[in-house]
Every structure is written in C-alpha cells, then in structure tokens.
Amino acid sequence: MSKKGSHRGLRAYTQIAMHIERFKQRLLDKERELRSVITRLEGEARVSGEAEVRDSTDDATSSQGTSESLQEDTLASQTLVQVQDALRRIEDGTYGKCIACGRQIEAARLEAIPWASYCLEDQEKQDKAAHVQQGGSTL
C-alpha cells in the first residue's frame, strides 16, 4: 500500500475514534427506538389476529395487515441485531473496521449507517450474493 493510502486510512480511523462516543450514543438511541417499534408491531400483529365477527374480506385485510406487521417486525429485528453487533464492536475496539477485509469503513458511511459492518465495496459484494440467493431482481 502506498504511504498516501495508509495515511488516508489512518486519518479515517482517527476521525472515527474521535467520534466513537457520538456513534455509541446514536447506536444506543437506535436500539431503544427499534425495541419500541418491535413491541408495537408485535402488539399490532396480535390484535389484528384476535377473533371477532368478520367476513372473508375482513379476514383478508386482517391477514394482510398481520403479514405487513410481521415483515416490519422482521426488518426491525434484523436491524436491532446489527445495532447490537456494532455496540459490541465498540466495546471490543473493532468498530469502524470492515468485518470482511479489515479495512477502515468510510467515515461518511458510518455517519449514514452507524451499524454498518462492511466497507462499501464488501457491502456491495454481500448485496450481490444475497440477490443471487433470492433468485431475482430487486428492482
């Protein structure tokens, strides 16, 4: 690696290290928010599944609402796991490093997604692999 490249990595690491407490607070806030969302969505799914006098249209609408709540709950739960993983990486001193290649994650990426665990290049590889596994276009 060139001196310029290693210097840029050091500068990015220094920027992240200086802001680690701010990232930690943002992650803790997001964790609290996600726990609240998950609790609300689970309650909505439970309520919409409760029996009452309905016709088949009511049942279809309720079923769709329950399905949407459960999908949102799954997404919130997945994000919660990522947030908790990021908090663990802060504690063990690896926060801000790509878990695939070990390079520093771009500061702008962490600003946008503080729970990011991959650099942009490796995230794109992960997304492509997931796309292939799903067997279709996400467009």
- [ ] Go through (1) under 20 Å from Glu111 (Cα atoms); (2) at pLDDT below 95; (3) not aliphatic (A, V, I, L, M) and name the single condition Thr61 misses.
- [x] (1)
- [ ] Report yes if some residue within the range 66-82 is touching a Ser or Thr at 6+ places or on another chain (Cβ under 8 Å) and modelled with pLDDT under 85; otherwise report no.
- [x] yes
- [ ] Hey, can you tell me all the residues within the range 86-139 that are in a helix (DSSP H, G or I), among the β-branched types (Val, Ile, Thr) and modelled with pLDDT under 95?
- [x] Val132
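The values are calculated or read from the model by the stated rules, or taken from the named source; none is laboratory data. Here the structure is a predicted model, which is why all the values come from computation and not from measurement. Neighbour counts are summed over all protein chains in view; Cβ atoms, including those assigned to glycine, are modelled from backbone coordinates with ideal geometry.
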